[in-house]
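Colleague: One structure is given below, represented as structure tokens, and several questions about it will come after.
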Amino acid sequence: MEEENQIKLHGMWGSTFTKRVELALKLKGIPYEYIEEDLSNKSQLVLKYNPVHKKVPVLVHNGKPIIESLIILEYIDETWKNAPRLLPDDPYERAKVLFWASFLHQQLFEDMGRVITSDGEAQEKATKDLFEKLTILEEGMKEFFPGGTPSINGENMGLLDILMYALFGPYKAHEEVLEMKTIDPERNPLLFSWVMALTELPVVKESTPPHEKLVALVQFIRENALQSCVA
Amino acid sequence: MVGVKLFRTWSSPFALRAVWALKIKGIDYETIFEDLSNKSPSLLQYNPVYKKVPVLVHNGKPIAESLIILEYIDETWKHAPLLPEDPHERATARFWAKFGDDKVLTSIWSVFIKQGKEQEEAMVPALENLKFLEEELKGKKFFGGETIGFVDLALGWLGNLISILEEIVGLKVVDGEKFPLLSAWMQDFADAPIIKDNWPPRDRMIVKFQALRDATIAAAAAAAAAATSK
């Protein structure tokens, strides 16, 4: 008897976390139903499936919820073992990928958030932190791309590619709102060429929201944050 | 270089996770104790990004970040598994481990480093987070079920550090009446074979964490004074 394979993703179009899961599902060719959530008015389902954090994304597979984007990505890789493999099989190689995934997810993502939501001295400091971390990442990624400029396709994209795209794919929108470069081809040549390679992939292009929409979202997040500081 | 080395400090609760996992699986290893005020060149070489403990070095290859180390140990030595096999159960285990570090630890730490009204306010999220753990233990002896698993090791610091922090601040955080299951788990875990042999000396911990609290409170007061005098 065939088990019905029902996959639903509750997400938000502008969320970098949702983007990660969408990419993974598309890369693996997993059909899913997408449910757009209004974060100011979350559906009963999200509250039921994620009572602890009440956040998206939530992946629901045959009625069972999985939460936290990195954990969802690991779940997808462990459940659907077809290419591309998001994580290596070898325990040591896997540990290295998870290490840098955590670096991207916690360190870089938080620094980026601070740069977007602050101004003046606070923003200067946040920007300095971000650039330092980008330098560390640039160095760390040399091991993963020994040939220099990455050659990525829909068959070999992995966890770090997904995280990198989700975080820096919208770099043009960030630059427009912040009036400064976040990733710079001169400062971070490897990272920049990596993001360029990623944004050219068809599966990525079809998941990328329109530039104006992204700019408006980043602008909204920034203004919201700066206003609440003043109050 | 062959073999397993663990870089740790005498007090780090994160390093204990690796100690427990290695001992549960019966793996021989060499311990290198680090003085974090004077880090060894080896530590800096093996963990250049964070320069922290624990670091596991297996056949010359370093693995950093305690939860990543746990998964590495579990995948390399497959007997006495820590994580379940089913992908959904694995995802659930990873979720609770992360919840422990991101929310439980940070909120309890907040209570510990504050005083007066601020401390009272910090208790609210701390207790809410502990309630989620209490719920998760329903019908189970350990988070891993009948036996200790990944989540128990990840949350294991509760079995020792909580009573130390409570003694220092004179506050009961994990009240046996409000959290019967969690209190029972803390006792069962702390007394379990292998686990109980590896707790750091309590008197040293009290001295260390008292000093940490005093220093943190002093630094916060100095920062507040500097801000208002501008």
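The values are calculated or read from the model by the stated rules, or taken from the named source; none is laboratory data. Every value quoted in this text rests on a predicted model; they were computed, and no experiment measured them. Heads up, the Cβs are rebuilt from the backbone with ideal geometry, glycines too, and the neighbour counts pull from every protein chain shown. In case anyone asks, the SASA skips ligands and DNA or RNA and just uses the protein heavy atoms, side chains included. Shrake-Rupley method; radii C 1.70, N 1.55, O 1.52, S 1.80 Å.
Colleague: Can you name the residue in segment B:92-111 that is at the interface with chain A (Cβ under 10 Å from one of its Cβ atoms) and not hydrophobic (A, V, I, L, M, F, W, C) and is also farthest from residue A:76 (Cα to Cα) among such residues?
Modeller: This residue is B:103.
Colleague: Looking at segment B:91-104, which of its residues are surrounded by fewer than 19 Cβ atoms within 10 Å (Cβ to Cβ) and out of contact with any Asp or Glu (no Cβ under 8 Å at 6 or more places or on another chain)?
Modeller: Within segment B:91-104, B:101, B:102 meet the criteria.
Colleague: Examine segment A:144-157 for a residue that is buried (at least 19 other Cβ atoms within 10 Å of the Cβ) and either more than 19 Å from the chain's Cα centre (by Cα) or at pLDDT 95 or above (or both), and state whether such a residue exists.
Modeller: no
Residue-wise test of (1) within 12 Å of chain A (Cβ to nearest Cβ); (2) closer than 21 Å to residue A:65 by Cβ; (3) free of Cβ contacts under 8 Å to residues at least 12 places away in the same chain; (4) among the hydrophobic types (A, V, I, L, M, F, W, C).
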position	(1), (2), (3), (4)
B:58	yes, no, no, no
B:76	yes, no, no, no
B:90	yes, yes, yes, no
B:113	no, no, no, yes
B:121	no, no, yes, no
B:137	no, yes, no, yes
B:148	no, no, no, yes
B:151	no, yes, no, yes
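This table checks each residue for (1) over 28 Å from residue A:155 (Cβ atoms); (2) touching a His at 6+ places or on another chain (Cβ under 9 Å); (3) in contact (Cβ under 8 Å) with a residue 60 or more places away in the chain; (4) surrounded by fewer than 21 Cβ atoms within 10 Å (Cβ to Cβ).
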site: A:51; (1), (2), (3), (4): yes, no, no, yes
site: A:64; (1), (2), (3), (4): yes, yes, no, yes
site: A:71; (1), (2), (3), (4): no, no, no, yes
site: A:79; (1), (2), (3), (4): no, yes, no, yes
site: A:83; (1), (2), (3), (4): no, no, yes, yes
site: A:103; (1), (2), (3), (4): no, no, no, yes
site: A:107; (1), (2), (3), (4): yes, no, no, yes
site: A:114; (1), (2), (3), (4): yes, no, no, yes
site: A:126; (1), (2), (3), (4): yes, no, no, yes
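Colleague: List pairs: first residue in segment B:37-50 and away from chain A (no Cβ under 14 Å), second residue among the acidic types (Asp, Glu) anywhere in the structure, Cβ distance under 7 angstrom, at least six positions apart or on different chains.
Modeller: B:40/B:34; B:43/B:34
Colleague: All but one of (1) assigned to a helix (DSSP H, G or I); (2) open to solvent by 40 Å² or more (accessible area, probe 1.4 Å); (3) more than 23 Å from residue A:137 (Cβ to Cβ) hold for residue A:31, so report the exception by its number.
Modeller: (1)
Colleague: So if I check each of A:133, A:128, which one is away from chain B (no Cβ under 14 Å), within 29 Å of residue A:224 (Cβ to Cβ) and either in contact with a Pro (Cβ under 9 Å, 6 or more places away or on another chain) or modelled with pLDDT of 95 or more (or both)?
Modeller: Every option except A:128 fails the conditions.
Colleague: Another question, then. From the residues in segment A:87-96 that are within 10 Å of another protein chain (Cβ to nearest Cβ) and part of a loop (DSSP other than H, G, I, E, B), which one is farthest from residue A:16 (Cα to Cα)?
Modeller: A:90
Colleague: Spot the failing condition for residue B:56; the list is (1) in contact with a helix residue (DSSP H, G or I) (Cβ under 8 Å, 6 or more places away or on another chain); (2) in a helix (DSSP H, G or I); (3) open to solvent by less than 10 Å² (accessible area, probe 1.4 Å), and only one is missed.
Modeller: For residue B:56, the exception is condition (2).
Colleague: Checking residue A:99 against (1) more than 9 Å from every other protein chain (Cβ to nearest Cβ); (2) in contact with a strand residue (DSSP E or B) (Cβ under 8 Å, 6 or more places away or on another chain); (3) not β-branched (Val, Ile, Thr), which test does it fail?
Modeller: All conditions pass for residue A:99, except number (1).
Colleague: May I pose another question? All but one of (1) assigned to a helix (DSSP H, G or I); (2) within 30 Å of residue A:142 (Cβ to Cβ) hold for residue A:207; which doesn't?
Modeller: Of the numbered conditions (1) assigned to a helix (DSSP H, G or I); (2) within 30 Å of residue A:142 (Cβ to Cβ), the odd one out for residue A:207 is (1).
Colleague: Taking the condition under 30 Å from residue B:207 (Cα atoms), under 19 Å from the mean Cα position of the chain (by Cα) and touching a residue at least 24 places away in the same chain (Cβ under 8 Å), does residue B:21 pass?
Modeller: yes
Colleague: When segment A:63-86 is examined, which residues are found to be part of a loop (DSSP other than H, G, I, E, B) and within 9 Å of chain B (Cβ to nearest Cβ)?
Modeller: A:68, the sole residue that qualifies.
Colleague: Turning to a different aspect of this structure: Quick one: which of B:108, B:69, B:63 is assigned to a strand (DSSP E or B) and either at pLDDT 95 or above or open to solvent by 20 Å² or more (accessible area, probe 1.4 Å) (or both)?
Modeller: Just a single option satisfies the conditions, and that option is B:63.
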